[in-house]
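One structure is given below, encoded as structure tokens.
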Amino acid sequence: GKKNCNILICVLLPAICFIWQIAMIALFAIFVRYDPEADAHWTEYMHQNNITSNIENDFYYRYPSFQDVHVMIFMGFGLLFTFLKRYSFGGVGFNFLISAFGLQWALLMQGWFHSLDSTDWTIKIGMKSLINADFCVAGCLIAFGACLGKVSPIQLMVMTLCGVSLFAVEEYVILNLIHVDTGGSMVIHTFGGYYGLTISWILYRPNLHQSKRLRGSSYHSDVFAMIGTLFLWVHWPSFNSAIGNHGDGQHRAVINTYLSLAASVLTTFAVSSLSAKRGKLSMVHIQNATLAGGVAMGTAAEIMVSPYSALVVGVCSGIISTFGFVVLTVSDETIKIQDTCGIHNLHAMPGVLGGAVGAVTAAFASTSVYGQEGWASLLTSLMHLFLLLFFLGRARSLKQGYLFSLGCILRLPCWGDPEDENCFDDEVYWEVTATKVHILATRLCCWTPMLIINKLCRRSVLCQCEGKIRSQTRFTERMLLHMHIG
Amino acid sequence: GKKNCNILICVLLPAICFIWQIAMIALFAIFVRYDPEADAHWTEYMHQNNITSNIENDFYYRYPSFQDVHVMIFMGFGLLFTFLKRYSFGGVGFNFLISAFGLQWALLMQGWFHSLDSTDWTIKIGMKSLINADFCVAGCLIAFGACLGKVSPIQLMVMTLCGVSLFAVEEYVILNLIHVDTGGSMVIHTFGGYYGLTISWILYRPNLHQSKRLRGSSYHSDVFAMIGTLFLWVHWPSFNSAIGNHGDGQHRAVINTYLSLAASVLTTFAVSSLSAKRGKLSMVHIQNATLAGGVAMGTAAEIMVSPYSALVVGVCSGIISTFGFVVLTVSDETIKIQDTCGIHNLHAMPGVLGGAVGAVTAAFASTSVYGQEGWASLLTSLMHLFLLLFFLGRARSLKQGYLFSLGCILRLPCWGDPEDENCFDDEVYWEVTATKVHILATRLCCWTPMLIINKLCRRSVLCQCEGKIRSQTRFTERMLLHMHIG
Amino acid sequence: GKKNCNILICVLLPAICFIWQIAMIALFAIFVRYDPEADAHWTEYMHQNNITSNIENDFYYRYPSFQDVHVMIFMGFGLLFTFLKRYSFGGVGFNFLISAFGLQWALLMQGWFHSLDSTDWTIKIGMKSLINADFCVAGCLIAFGACLGKVSPIQLMVMTLCGVSLFAVEEYVILNLIHVDTGGSMVIHTFGGYYGLTISWILYRPNLHQSKRLRGSSYHSDVFAMIGTLFLWVHWPSFNSAIGNHGDGQHRAVINTYLSLAASVLTTFAVSSLSAKRGKLSMVHIQNATLAGGVAMGTAAEIMVSPYSALVVGVCSGIISTFGFVVLTVSDETIKIQDTCGIHNLHAMPGVLGGAVGAVTAAFASTSVYGQEGWASLLTSLMHLFLLLFFLGRARSLKQGYLFSLGCILRLPCWGDPEDENCFDDEVYWEVTATKVHILATRLCCWTPMLIINKLCRRSVLCQCEGKIRSQTRFTERMLLHMHIG
């Protein structure tokens, strides 16, 4: 029962945090060293490589973009997840917990797969590693979006551990064969989206309607979520350019993403207004689908797609994503997937679009556009579409095995996940004293006049209406509770 | 009526969004190309121009400032406009819509006027174009501030289209003749301010007092607006330095703006405390007038004004702006301009001050301060004050014609603007489900005891007080509605 | 009484603001000039120093970090201080006021102590000066955290004036002798922490429990504070690297701080869950102790501590800080220090830990790790621990004298500090109109049915229960007031 699950969390959450953190320290002590550009030998390295100035350190190329990505992960995603009226603490708090854990594990996993130094078997971390770790965490946060409010922090940490591991493998396969996915349309968004949907499908709750009263937003929680959206929207050009090539590569990625995002805002407003009765705009659409332009531009961000194509990508992704929210969100019960934040519409579908855009643009690009020095890297991108299809086909069986075991782990009864009627409620995992007083006061304020009337009734000739009063009192109380939660 | 206007919005808003976005795509396909620094030919360009390192790409000089400006436009202005208790969605949402639209149109208009390549009739966009487009949008957002809550999204888009066009012309005239307005005191703030006030004068509503109940702030909406203020305040040094000259120019613009902003905070607190009964501070002043130092430093940001002069500019602008809020805000009815956000006090007046500061400092600057290489560009600035006065005189007649036609367009009955009693209310354009439940519950909670008492009355000897109960019930209900909106 | 103190504020606050601002202008006119890198002579300076490119200007090395620090000071601290349910305006607003004042005074004080040009007795300000001024203000904001809600804005300005002066002296002693405190563990955090605790001890209020009703948070004020926490957390790597050495120094400081912060998040969640009944997490812990990793990494940020050591530092600081909140917060009455924000746990203790880490790592560092060019600067750091102890011992007596006089000043009866029952209440210093209406409406909504019942009673045979109704009415009203404040 509920009491039981709290005892489990009380013991398990600290235990897991400590054990994993100690394991991280041990593994970091064995494997992780500073990159030459972050090492005290940098001045010697400069002399050896004929670097004339400190400003040539990769730090100065990438640090502003890294900070923007960091803001997106912790503030953008975190605040976007505060949109539920009584799950704001969980949204922003658990986002904080799993990001801080995930990025340590991502540094290790990505190091082992991508940059293990074969001479001394160590991982050299620098600015690019930190950005990639943040990217990896983004994939897991997308998955968190599908499960928001329905899982315990322990399940989230297990999810993140598995997600980061799976991500590193997938990234290894895609990037080492294809070389083109600067902003991670496929690697991050499609992966994160489908990973989250799978988890959500594994943890399907037939009786989730019991917590329907808490599944909406309140006026101010919508504004908080909108701040998150704006953080993501404004900094997305940095997300798509952070690990781009120095010089024109990063510059172009920013321009393309900027234009694509702007276009998706207009189409989101258009489709949102079209889809509603009386043309009213929906905050859910504006908070999510406006970001689809950034997702869809991810793979092709650095490619010479020309500015108008970036606008076309933005228009298409905005339409697809908003339609997704209008059409697919209602079909929870049919497909047995409960997608709290609609990540399928925001990340999975625009991510697939982004992969397709990357494949098409790579195919159409010619040497005359790219200049003589750029054509070699393009040849490899031509394999893009074929490999994507091949990979999706072949990986499915691998994934299924992985996900089956993941499912068995996640459905263990000991993780302390909330009961169906307590989903989307911060009181399960957080101390929310204010609310208790609130509800108590509400109840009192509602009861007091009733008590007086009851007393009046009892002592008068009007006793016959007592029954009616009682039932109406109960109704009023229920309404008041409902109201004060909203 | 109201139903009618919603049908119009339901059809017109999507139609306009789609048509304009498609027009943008067509025009971008014809005119817009990447700048050499964002183009795949960058490596060849480097060889031709003896550039030795990728870090010399303009991207690395300007990207951090660009991101800050981008944050100011979408988060700073957006959150500043959430201060009304029931217009937070509209403030941040419509800010998002018109910025995303405006920046596309600004890239085109500014390209045609300032950087049309005469060899192939195309516009080459790079980091500086994106910053300038954001600046141009800022002018339109200032104008939005004057009309906040009183116009429909369609009117806002028309306003933005005209505003961006007018801005590009004005900027062409001012900058190509004068060469000095780094942070855009005049070009952006004075223009945006007077443009917004004109629109507000065109759309004057004599019966706006009917929505007076919604024209205040709530405790938390004031905190949201304060976040917007802080975003603007913190990033203003980037705003004034973003398109400055490389090297000492940008460096000096940051120092001057930093000091001017700090000084205007102190004087704003001082004047706010002086102006109120019992010395209480007003959130409206702190949210707005503290920014005046940045506005007033705009034109002269890059000039060698010396640090103490920056403080003097901050002090003066803080005093002027706060006095504006204290004195002018009450006189809506006299001058027939309803300025929701007080943009006259924050942008128009400090902008004029900034222009004057630019003229005076340019006049006083001597070659000994600027070094031998800087004196040539200063000579042109000496024409500043004369041209400003000349331009203001001559342009008035041009503007009048333009604004008359703009007025005719904006007052068309088909734009679906809100009725007088629904101004400043999100429910006209947004789905705000929570509130409905809220009000319903309130009504029930208020009615229920009344109903019981009524029933008691009817069945007892106390029927004579029934009339009194009814009237008091109505009063209570009105109070409750009032309360729960606040 | 209350009326009196408001008159004082009404006159004193503007007077002090104006006088101090004019004094600042005068002192800036006499002493402050632009740094060569921000001066119009920069191009000549480049030729003289064989600098080949504008990108070598210190501006481009430090501006992104400076902006992040600026965001931390005004948005991070400001929003963190909004956590009280009815002191959000004061938290963010007074933070704004004293920061804007403090940074001007800090530029002067730090200039006189650290960078007074002996040839012309002027202070040359550039990017590094602005960052250092922000750091200095951070120390005073930490001190503000201990006094939040209990002091008047005038007291805060006096506190800031003294704090900045004291800080400049302390910084001079520590940095000019030891040379190692990049992120300011000791200089900023330990100083700010103990300075704030001392002020709080001087201003001890035995009857503070009278405003206990306002000393908690509300659901949304906790989310606002969480935004502040995230601003601080995300940008802390910039804080610790902003004045680091160009190249590998800044790069390494970012990596170390990033890892240390991530580790402290996990241990904070663990200890918070362990310490509470039923394993529920506390927002106070998450909002504060997660930042301890950044504080503790301050001194050693630039040192080659190796990545795993950074994790160890984060783990330890997270545990210490969270335990501090669990254990020490309850002991207000015993030690006569009322620490509103728990700065002892967040800044003072992790700052001491950071100093110890710096001393230990400096002692263990060998030339083989640092490369040949780095060993000289290390020798000086070996004196670290000894000097720290020496300094702590000797400075105590100096401090006591200073603090005695400070105490006498701060306890003057004319500063308009709030009465015990009005602490933590924005209505003392801010115009909060919304609340008044709110409470009025609440009172009416509560009274109306009572009035009706009273009338019913008076005219019926039920008069005997009138007394009971009256007492219950009063009870209900009290509850409602309580409820609507929360």
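The values are calculated or read from the model by the stated rules, or taken from the named source; none is laboratory data. Since this is a predicted model, take the numbers as computed values, not measurements. Glycine gets a Cβ as well: all are built from the backbone with ideal geometry, and neighbour counts include every protein chain shown. We work out accessible area using only protein heavy atoms, side chains counted, and drop any ligands, DNA or RNA first. Shrake-Rupley method; radii C 1.70, N 1.55, O 1.52, S 1.80 Å.
Within region C:26-172, what whole-number % of the accessible surface is contributed by carbon and sulfur, with the 1.4 Å probe and all protein chains included in the calculation? Roughly 57 percent of what the probe reaches on region C:26-172 is carbon or sulfur.
Under the definition of Cα pairs under 8 Å and six or more residues apart, what whole-number percent is the relative contact order of region A:199-273? Let's see the in-between values first.
Details: 21 pairs, mean separation 14.5, N = 75.
Answer for region A:199-273 is 19 percent.
Among the chymotrypsin sites (Phe, Trp or Tyr not before Pro) in region A:196-300, those placed in a DSSP loop whose Cβ has at most 16 other Cβ atoms within 10 Å are A:TYR204. Among B:GLU44, B:GLU37, the sequence by solvent-accessible area, most first, with a 1.4 Å probe is B:GLU44, B:GLU37. Coupling constants for region B:57-68 follow from the phi torsions by the Karplus curve (6.51 cos²θ - 1.76 cosθ + 1.60, θ = phi - 60°), and in residue order they are 4, 3, 3, 6, 6, 10, 4, x, 5, 4, 4, 5 Hz; glycine and proline get x. Note on A:MET24: accessible area approximately 10 square angstrom, rounded to 10, probe 1.4 Å, nucleic acids and ligands left out.
Calculate the dipole size of region B:110-262 relative to its Cα centre from +1 charges on Lys and Arg beta carbons and -1 charges on Asp and Glu beta carbons; express the result in debye to the nearest 20.
Working: 8 positive and 8 negative charges, 150 e Å.
Magnitude of the dipole: close to 720 debye.
Here is how far apart the B:SER118 label points are across copies: 5.8, 5.8 nm, shortest first, using a point 7 Å from Cα toward Cβ.
To the nearest hundred square angstrom, how large is the accessible surface buried between B and C, total for both chains, probe 1.4 angstrom? Each step should come with its number before you reach the end.
Values: alone 23840 and 23790 Å², together 39910 Å².
What B and C bury together is about 7700 Å².
The overall shape of region C:64-113 is oblate: from the C-alpha gyration tensor, with semi-axes ordered a ≥ b ≥ c, the ratio a/c is 1.5 or greater and a/b is no larger than b/c.
With θ taken as phi - 60° and the Karplus curve 6.51 cos²θ - 1.76 cosθ + 1.60 applied, the whole-hertz 3J(HN,Hα) list for region C:130-140 is 5, 5, 5, 5, 4, 4, 4, 4, 4, x, 6 Hz, x standing for glycine and proline. Taking each of B:LYS85/C:LYS280; A:LYS128/C:LYS280; B:LYS277/C:LYS212; A:LYS212/B:LYS85; B:LYS85/B:LYS277 in turn, the alpha-carbon distance tops 31 angstrom for B:LYS85/C:LYS280; A:LYS128/C:LYS280. Proximity of backbone amide H atoms, modeled 1.01 Å from N, is registered between C:THR122 and C:ASP117 at under 5 Å, excluding neighbours fewer than 5 places apart on the same chain. Remark: label point of C:GLY407 defined 7 Å out from Cα along the Cα-Cβ vector; separations to the same position in other copies 6.9, 7.0 nm, ascending.
Plainly put, the tip 7 Å out from Cα toward Cβ on C:ALA23 is 5.9, 5.9 nm from that tip on each other copy, the closest given first. Taking amide H as placed 1.01 Å from N in the peptide plane, B:LEU281 has its amide H under 5 Å from the amide H of C:TRP430, C:GLU431, each at least 5 places away in sequence or on another chain. Chain B residue nearest the rotation axis toward C, with distance: B:PRO64, 3 (Cβ to axis, whole Å).
Computed from backbone phi with θ = phi - 60° and the Karplus coefficients 6.51, -1.76 and 1.60, the 3J(HN,Hα) list for region C:190-195 is 5, 4, x, x, 6, 4 Hz; x is used for glycine and proline.
Taking square-rooted eigenvalues a ≥ b ≥ c of the alpha carbon gyration tensor, is region B:237-353 rounded, prolate or oblate, where a/c under 1.5 means rounded and, failing that, a/b exceeding b/c means prolate? Prolate.
For C:ARG205, the accessible surface of its heavy atoms amounts to roughly 20 Å² (probe 1.4 Å, protein chains only, rounded to the nearest 10).
Interface residues of region C:110-157, defined as those with an accessible-area decrease of at least 20 Å² between the chain by itself and the complete set of protein chains (probe 1.4 Å), are C:ILE125, C:MET127, C:LEU130.
Relative contact order of region B:1-130: what whole-number percent is it, with Cα pairs under 8 angstrom and at least 6 residues apart?
Answer for region B:1-130 is 34 percent.
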